[in-house]
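Novice: I'd like to ask some things about the structure below.
Every number here is computed from the coordinates shown, using simple stated rules; none is lab data. What you see is a predicted model, and the numbers here were worked out from it, not measured in a lab. Cβ: placed from backbone, ideal geometry, glycine included. Neighbour counts: every protein chain shown.
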Amino acid sequence: MARDPILKVRGLDVSFRTNDGPVHAVKGIDLDVFAGEAVAIVGESGSGKSQTTMALMGLLASNGEARGSALYRDQELLGLSERQLNKVRGKKITMIFQEPMTSLDPLYKIGRQLCEPLVHHGALSWRKSRARAIELLELVGIPDPKRRIDAYPHELSGGQRQRVMIAMALANDPDILIADEPTTALDVTIQQQILELLASLQKRLGMAIVFITHDLNIVRRFADRVYVMRLGEVVEHGEAGTLFADPRHDYTKMLLAAEPTGTKLPPAPDAPVLLEGRDVEVVFGTGGGGWFSGAPHQLRAVDGISIALRRGQTIGIVGESGSGKSTLGRALLRLLPGEGTIRFEGQDISKADRRHMLPFRRELQLVFQDPFGSLSPRMTVGQVITEGLLVHEPSLSTKARDARASEALKEVGLDPAMRNRYPHEFSGGQRQRIAIARAIILKPKIVVLDEPTSALDRSVQKQIVELLRDLQKEHDLSYLFISHDLSVVRAMADYVVVMKQGRIVEEGATEAIFEAPREAYTRALMAAAVNDTRFR
Amino acid sequence: MIGYVLRRLAGAIPTIFIIVTIAFFMIRLAPGGPFDLERPLDPLIMENINRAYNLDQPLWRQYLLYLGNLAQGDLGPSFTRRDFSVVDLFRTGLPVSIQLGSMALCIALVFGTLLGALAALRQNSWIDYVVVGTATLGITIPTFVIAPVLSLVFGVMMGWLPAGGWGGGQLRYLILPVATLALPQIAIIARLTRGATIEALRSNHVRTARAYGLPAYVVVGVHTLRAAILPVVSYLGPTAAALLTGSVVVETIFGIPGIGRYFVQGALGRDYTLVMGTVVVIAVFVVLFNLVVDILYALLDPRVRYD
C-alpha cells in the first residue's frame, strides 16, 4: 500500500506502576491503520491488545504510562493535553467496548447520551442533535427510534445497547472506529448481527475499523490485515488471507490450531441408558403474587423436555443464554425442583429426598463455567477435591484420601505436589482442571459440564476439550455438555440438542445437525458461529 | 407514584403499631415506677396516684387505653412533669429540635458532598489526605467531647459565642450546637461521597464519556456525581430522622429545650408516657424519611421504579 496510514504507531510502550514494580503491558509495538480498512489485533487475554488502544485514546488507568509515538494524521496523540485529546477522541477516533451492559450511563436516556458527543464537539445544538440521534438509531437498526430515543439503557437488551454504542461511535463521522471485543459479551446470534452491522456500516461510511478480539472467526470474516499480539509484542502481522494460509510465527500457528477439532463417535448401539428425563419441567416464580403486585409471574425455564443419556455418550445442549440449558442440566441432577420423571440406571429418582439422593450424588457430578468462583478460596486444592470423598467414602483414611487426590490431579494433568496450594495461585485453565479433578475423584458415571470452556482462552479451551475426551475414554463417562460455543460442541458431542425458550427445537446426531440444520433457529446459531475453513 | 406513597403510608401503620407494642411492654418490664421515691409514699396516696393515672388497671387494659388515646392523637399526661401533657412538651420542644437538626443536616450535606467529591477527584493528593484524615477524626471523636470543647473554646475562652442556652433561637445561640451535630455527619457523608465518586469514576460509562471526548465538567458533573450521590441519599433517611428528633448530648450540654433529652430523662424517671411519646415521634420520623428517600432515589435512578 503506497498510501500513508492515517494512524501510525511507532514503538508504543505501555507500563503500569504496581506495588510489585512496573508491569510492561505493551512493549514497543508498531502499528498502521490505513483509511477505510479493517484491521484486527488478535491475541489472548493479557497480550496487551486492549491496552494498546486504551493508550491511544488516553484512557489508561491512572497508574499507566504510554511512551513512544502515535500519529493520527501527523498529530501526535501521546502526551496530548486532555483538552487537545478531546478534539480527536469521540470525533475522529471513536470506540465501542466489550461491556455493552455497563458502557452507557444507566441514569440518563440514551438520546441524551447520543447527543452529547454531537453537542460537545460543537457540531449541533441539542435540538438538532436529537433529530440526528434518531437518524443514527435508525442507521444501526434500532426499531422505532423516535420512541426508543427516550429509553433508558436498562430498558434495552445487550445487543441493542451495543447498537446504541455503535450509533454513538458513528455520530461525528469518525475516521477510525476501535471495536474492543465488541461481541464477546453477547449471545451468538446477536454477535452475528452486530458484526454484520459493523461490516455494512464500514462499507457505506468508509471508515477504518480496528477490531480487538480473541475470536479468530471475526478476524477471518472481517479483517483485511491482522496483527497478532502476545505478551505485549506484535509477533506477526500481514494480510489476513496470507496470514491464515501461511502463518509464520509459532504462536500464530498455535492460535490457528487451537480451534477445537475432531469428532466424537456415538456410543455402541447397545450401550445402556444411564440417565433419562421425561417431560421435565422447571418453573420459576419471578415476582408478583403479593398483596399489591397482582398475579404471580411465572417463567417456564424448562418446558417439557425428554432426554436420554447413554453410557459413553456426550450430548451437547446448545442455545442462547436464557434458553434453559443450564436449568435443564441442574434439574436432571435433581439440584433444582422440577416436574417430570427422572431415572438413573432405571431407578426413578425424581421423588427421592436428600437422603435417598445421597448414593446417586457421587455418580452424578457437575463442573461449572466459572473456574474462579466455583472453588472455595479458603481451602487448599487437596481439600477442595477430596471434600466429596468425606461424604461418599467416609471410611477412607487420611492417607488414602491424599493418595486419591494425587491420582486425580495426575489424571487431569496437574502436578500432585500442587495439592497444598490455594486456588488463587492457579490460572483459569488450571482451575478448571481442578474442578474436573473434584468431579472425577468420586468415579462418577455422569458429568454435567456447564460451559466448562467458556471462560477460557482458545488455546486453553482446546487442552480442556482434549482432557475431557481422554477422561471419557478412560472411564467410560457420559457427558451432558452445555455450551453456547458450537465449535466446542461439535468437537465434543455425538448428539446435539438445540434449546430455545425452555423447549427442544431440534435434536439429532452432531454431524447431521451441523451439516443440515432444519430449524431456522439452529441455522441462525450456526451462522453466528461460522467455522469458516476457507483459510485453513 | 401517588398510589405507591399511599400504600407505603398504609404499610407504616402496622409498623408503628408493632414498635409501640414492643416499647410499651419493654418499659413496663423495667423495675420501679414513675412515683417511686427514696422515701416510699404513703400507701393510700400511692393508691390514689395510681388510680388517677390508670396504673391500677391490669396491664392489658392500660395498653388498650394507650392505643385508644394514641389513635386520637393523645399521648397522655407526663408522669414526671406534672401539669404538662406529652403533646404539650413536644409542641414546644419539637420545633427547637427540628430547627437545630435541619440546619445541621443542610450543612452536613453541602460540606460533606463537596469535600468528598473534591477528595475523590484529587485522589491521593494532599487535599484527599486532609479530607480523609479529618473525616476519620470527625467520625471517631464523640459529640460529648466535641460539644464541651467547642463551648469552652468559642464560648468561654474566646467569648465569641454564647457557651450555651437557647436565647429564643437567635443565630448566635445556634452556631455551636449546630456545628456539634453537623461535624460528624460531614465526616461520614464526605467519606461516603468520596468512595462512591471514586467508584463512579472507574465505571465503564465514565470511561465511555471520556472516550467520546466530553469536557471534564460533563464527565464529572453529569456522569459521575449523580451516580456518586445515590449512596448518600440512602444514608440520609435514618440520619435525617435522628438529627431532627434531637440529640440528648447536644441538648444537655448546651442547655437547649428540645425533645432529645426526653427520651433519656423519661426512661430514667420511668415516665412511661413520655418515653412512649418519644418512641412514637421517632418512629414516625424514620418511616417518613425513609419514604422521602425512596422517592428521591426513584427520581435520581431510573432503574428504580415503584408502581
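Novice: 5 Å is the cut-off here: which amide hydrogens, built 1.01 Å from N in the peptide plane, fall below it relative to A:A70, excluding neighbours closer than 5 in sequence?
Specialist: A:R10, A:L77, A:L78
Novice: Strictly greater than 21 Å: what percent of every Cα pair in the stretch B:37-137 meets that?
Specialist: Cα-Cα pairs in the stretch B:37-137 separated by more than 21 Å: 63 percent.
Novice: Place +1 on the Cβ of every Lys and Arg and -1 on the Cβ of every Asp and Glu in chain B, take the dipole about the Cα centre, and give the residue among B:L105, B:A135, B:V281 whose Cα lies farthest towards its positive end.
Specialist: It is B:A135.
Novice: Grab the other residues whose beta carbon is less than 13 angstrom from that of A:D270, score K and R as +1, D and E as -1, and report the net.
Specialist: Neighbourhood net charge equals +2.
Novice: For the Cα atoms of chain B, what angle does the longest principal axis make with the long axis of helix B:171-201, in degrees from 0 to 90, nearest 10?
Specialist: Roughly 50 degrees between the two axes.
Novice: Next up: State to the nearest 20 debye the size of the charge dipole of chain B about its Cα centre, where the only charges are +1 on K and R beta carbons and -1 on D and E beta carbons.
Specialist: With Lys and Arg at +1 and Asp and Glu at -1, about 980 debye.
Novice: Quick query: amide H of A:E236 versus all other amide H atoms, modeled in the peptide plane; which residues come in under 5 Å with a sequence gap of 5 or more or a different chain?
Specialist: Counting only residues 5 or more places away or on other chains, the set is A:V228.
Novice: Take peptide A:56-66, look around each residue's Cβ out to 10 angstrom, count Cβ atoms belonging to other protein chains, and average those counts.
Specialist: That average works out to 2.
Novice: While we're here: Calculate the dipole size of chain A relative to its Cα centre from +1 charges on Lys and Arg beta carbons and -1 charges on Asp and Glu beta carbons; express the result in debye to the nearest 20.
Specialist: Computed charge dipole of chain A: roughly 780 debye.
Novice: Right, next: Among A:L107, A:L486, A:P174, flag the residue with its Cα farthest along the positive direction of the charge dipole of chain A, charges on Cβ as +1 for Lys/Arg and -1 for Asp/Glu.
Specialist: Towards the positive end, the residue furthest out is A:L107.
Novice: If contacts are Cα pairs under 8 angstrom and at least 6 residues apart, what is the relative contact order of chain A in percent?
Specialist: It rounds to 15 percent for chain A.
Novice: Then there's this: Name the residue from B:G246, B:I198, B:G269 whose Cα lies farthest towards the positive end of the charge dipole of the stretch B:86-300, charges +1 on Cβ of Lys and Arg and -1 on Cβ of Asp and Glu.
Specialist: The Cα lying farthest towards the positive end belongs to B:I198.
Novice: Based solely on C-alpha atoms, express the radius of gyration and the Dmax of the protein assembly as shown in angstrom.
Specialist: My reading of the Cα-based Rg and Dmax gives 34.4, 115 Å.
Novice: Could I ask something else about it? Explain nothing, just compute: Karplus ³J(HN,Hα) = 6.51 cos²θ - 1.76 cosθ + 1.60, θ = phi - 60°, for every residue of the stretch A:70-75 in order, whole Hz, x for Gly and Pro.
Specialist: Each residue's phi maps through the Karplus curve to give 9, 9, 9, 6, 6, 9 Hz.
Novice: Sequence-distant or interchain residues sharing an amide H contact under 5 Å with B:I259, placed H: which?
Specialist: B:S97
Novice: Next question, about the same structure. State, as an integer percentage, the relative contact order of the stretch B:86-300 based on alpha-carbon contacts under 8 Å between residues 6 or more apart.
Specialist: Reported as a whole number, the value is 30 percent.
Novice: I would also like to ask the following. Show that you can apply the helix-only estimate: for the protein assembly as shown, add -39,500 (n - 2.57) for every DSSP H stretch of four or more residues, divide by all residues, and state [θ] at 222 nm to the nearest 500.
Specialist: -15500 deg cm²/dmol
Novice: With charges only on Cβ, +1 for K and R and -1 for D and E, what is the dipole size of the stretch B:104-244 about its Cα centre, in debye, rounded to 20?
Specialist: Roughly 320 debye, rounded to the nearest 20.
Novice: Going by alpha carbons, how many degrees (0 to 90, nearest 10) lie between the helix axis of A:428-440 and the longest principal axis of chain A?
Specialist: 10 degrees
Novice: Hey, what angle do you get for helix A:188-205 against the long axis of chain A, alpha-carbon based, 0 to 90 degrees rounded to 10?
Specialist: 10 degrees
Novice: Still on this structure: How do the peptides A:231-244, A:317-330, A:61-74 rank, highest first, by the average count of neighbouring beta carbon atoms within 10 Å per residue?
Specialist: A:317-330, A:231-244, A:61-74
Novice: Quick one: of the DSSP bridges fully inside chain A, what percent are antiparallel, nearest 5?
Specialist: 55 percent
Novice: Here's a follow-up. Using packing as a proxy for protection, rank B:58-65, B:126-133, B:203-210 so that the peptide with the highest average count of other Cβ atoms within 10 Å comes first.
Specialist: Order by mean packing, descending: B:203-210, B:126-133, B:58-65.
Novice: Here is a follow-up. Using only atoms on other chains, find how many Cβ atoms lie within 10 Å of each Cβ of peptide A:77-86 and report the average.
Specialist: 2
Novice: Using the structure shown, list the pairs from A:K203/A:K500; A:K49/A:K500; A:K146/A:K500; A:K410/A:K473 with a Cα-Cα distance above 23 Å, or answer none.
Specialist: A:K203/A:K500; A:K49/A:K500; A:K146/A:K500
Novice: Follow-up question, since we're still on this one. How far is it, in nm, from the label point at B:L300 to the one at A:H356 when both lie 7 Å from their Cα along the line to the Cβ?
Specialist: It is 5.4 nm.
Novice: Then there's this: What number in nm² do you get for the stretch B:86-300 if you take the convex hull of its Cα atoms and divide its surface by four?
Specialist: For the stretch B:86-300, the mean projected area of the Cα convex hull comes to 13.7 nm².
Novice: Next question. Which of the peptides B:34-43, A:76-85 is most tightly packed, and how do the rest follow, going by the mean number of other Cβ atoms within 10 Å of each residue?
Specialist: In decreasing order of mean packing, B:34-43, A:76-85 become A:76-85, B:34-43.
Novice: Can you give the FRET efficiency to the nearest 0.05 for A:D74 and A:R421, using r as the Cβ-Cβ distance and R₀ = 45 Å?
Specialist: 0.30
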